[in-house]
Amino acid sequence: MLTGKNAVVTGSTSGIGLGIAEAFAAAGANVMLNGLGDAAEIEKIRAGLEEKYAVKVAYSPANMLKPDEIEAMVKGCESTFGSADILVNNAGIQHVAPIDEFPIEKWDAIIAINLTSAFHSIRAALPGMKEKGWGRVINIASAHALVASPYKSAYVAAKHGIAGLTKTVALEVAQQNITVNAIAPGYVLTPLVEAQIPDTAKARGISEEEVKRDVMLAGQPTKKFVEVENLGALAVFLCQESAASITGATLPVDGGWTAQ
Ligand code: NAD
């Protein structure tokens, strides 16, 4: 399905990014992994994907806070595999606090990792895509690209920003066989979500079980967390020729959350 394509997936050592990287590998693409974590664990993931799916899997340790490292990640995919045909901007962090108590360095880091890193990676990847006359950019946004929740000012601002960046770049490359879309998941039970449960409980003065039931799944009409596999399948679909007319879209995969 994606045989012969090479994909960079940022933040793919965990959660949604890892699920998308695995879906690409299963579809036959070579994958450049990226993300933080224990070197031995990451090597296990890399070698495991390579063996299971008989594709090439590389790893870039680029820190999404550092523009020169982001550019080196994209160029590294081009030099290792021959091209970077698919770019998934997925790396992201979260911090939950009322805005008047929101740490300035957390604001700066969230805007840098969740929004500005996508600017740098797209900027680095587009010349190669234009030269080949084919490309796919997928930005992992959030339901918070479409609606807000209290205490998540930086995250909601960054994710609304990603939706705007997606539309703008889609228009710029619309005639060059390059599509640019965002996927907007509802709650997925990944390490990022697990980590914000205690802070949300504290900010709202409720228990952690109540955060899951009454805060996270309260707005998700299916009353189920979104599965990582659902997001991987959509990312693979967006990379196929049958999705060539889908561009500039922010596609909710949120169990009905933003339908309300
Ligand atoms: P996660 O914490 O499981 O994974 C985040 C990934 O980003 C990890 O691989 C981590 O190493 C990487 N990362 C973090 N900081 C980095 C940095 N400075 N440089 C390089 N890599 C870095 O989180 P997740 O839930 O899988 O989230 C992935 C994306 O999906 C994020 O953009 C998040 O906002 C978005 N999202 C998640 C949910 C959810 O419910 N989990 C919902 C909507 C959107």
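The values are calculated or read from the model by the stated rules, or taken from the named source; none is laboratory data. Keep in mind it's a predicted model, so treat the numbers as computed, not measured. In this analysis, Cβ positions are derived from the backbone assuming ideal geometry, glycine residues included, and neighbour counts consider all displayed protein chains.
Just checking, which of Ala72, Ala21, Ala62, Ala7 is within 14 Å of the chain's Cα centre (by Cα) and within 14 Å of the ligand (Cβ to nearest atom)?
Result: Ala21 is the single residue among Ala72, Ala21, Ala62, Ala7 that is within 14 Å of the chain's Cα centre (by Cα) and within 14 Å of the ligand (Cβ to nearest atom).
For Lys132, state whether it is farther than 23 Å from Gly255 by Cα and either more than 8 Å from the ligand (Cβ to nearest atom) or free of Cβ contacts under 8 Å to residues at least 40 places away in the same chain (or both).
For Lys132, the condition - farther than 23 Å from Gly255 by Cα and either more than 8 Å from the ligand (Cβ to nearest atom) or free of Cβ contacts under 8 Å to residues at least 40 places away in the same chain (or both) - is met.
On the basis of being within 13 Å of the ligand (Cβ to nearest atom), among the β-branched types (Val, Ile, Thr) and part of a loop (DSSP other than H, G, I, E, B), does Val156 make the cut?
No: the conditions fail for Val156.
Mind listing just one residue for me: the one in segment 206-256 that is over 30 Å from Glu172 (Cβ atoms), assigned to a helix (DSSP H, G or I) and hydrophobic (A, V, I, L, M, F, W, C) and, of those, modelled with the highest pLDDT?
Val228
Being without any contact (Cβ under 8 Å) to a residue 12 or more places away in the chain, surrounded by fewer than 23 Cβ atoms within 10 Å (Cβ to Cβ) and within 20 Å of the chain's Cα centre (by Cα): is that true of Asp108 here?
Here the answer is yes, as Asp108 does meet what is asked.
Is it the case, given these coordinates, that Ala91 is at positive phi and aliphatic (A, V, I, L, M)?
The answer is no for Ala91.
Under 7 Å by Cβ, and 6 or more places apart or on different chains, what pairs join a residue from segment 19-32 that is crowded, with 24+ Cβ neighbours inside 10 Å with one that is in a loop (DSSP other than H, G, I, E, B) and not aliphatic (A, V, I, L, M)?
Here the result reads Ile20/Ser12; Ile20/Asn90; Ala21/Ser12; Ala29/Lys5; Asn30/Lys56, each pair linking segment 19-32 to a residue that is in a loop (DSSP other than H, G, I, E, B) and not aliphatic (A, V, I, L, M).
Taking Leu146 as meeting all but one of (1) among the hydrophobic types (A, V, I, L, M, F, W, C); (2) under 14 Å from the mean Cα position of the chain (by Cα); (3) within 22 Å of Gly19 (Cβ to Cβ), write down the number of the exception.
(2)
Here are the criteria: (1) over 21 Å from Gln240 (Cβ atoms); (2) modelled with pLDDT of 95 or more; (3) buried (at least 19 other Cβ atoms within 10 Å of the Cβ). Tell me which single one Ala125 does not satisfy.
It fails just one condition, (1).
Going residue by residue through segment 217-233, is there one that turns out to be hydrophobic (A, V, I, L, M, F, W, C), away from the ligand (no atom under 11 Å from the Cβ) and surrounded by 20 or more Cβ atoms within 10 Å (Cβ to Cβ)?
The answer is no; no qualifying residue exists.
State all residues of segment 100-114 that are within 12 Å of Ala157 (Cα to Cα) and touching a helix residue (DSSP H, G or I) at 6+ places or on another chain (Cβ under 8 Å); if no residue qualifies, say none.
Hits for segment 100-114 are Trp107, Ile110, Ile111, Asn114.
Among the residues of segment 31-59, write down those that are within 12 Å of the ligand (Cβ to nearest atom) and hydrophobic (A, V, I, L, M, F, W, C).
If the condition is that a residue be within 12 Å of the ligand (Cβ to nearest atom) and hydrophobic (A, V, I, L, M, F, W, C), then Leu33, Leu36, Ile42, Ile45 are the ones that fit.
Evaluate the following for Gly186: is it away from the ligand (no atom under 16 Å from the Cβ) and either of a type in the set (Val, Ile, Thr) or more than 24 Å from Leu36 (Cβ to Cβ) (or both)?
no
Provide a single number: the residues in segment 70-87 that are surrounded by 18 or more Cβ atoms within 10 Å (Cβ to Cβ) and either closer than 15 Å to Tyr59 by Cβ or in contact with a His (Cβ under 8 Å, 6 or more places away or on another chain) (or both).
Number of matching residues: 7.
Of the conditions (1) at pLDDT 95 or above; (2) among the β-branched types (Val, Ile, Thr); (3) more than 25 Å from Thr179 (Cα to Cα), Val96 fails just one. Which one is it?
The one condition Val96 does not meet is (1).
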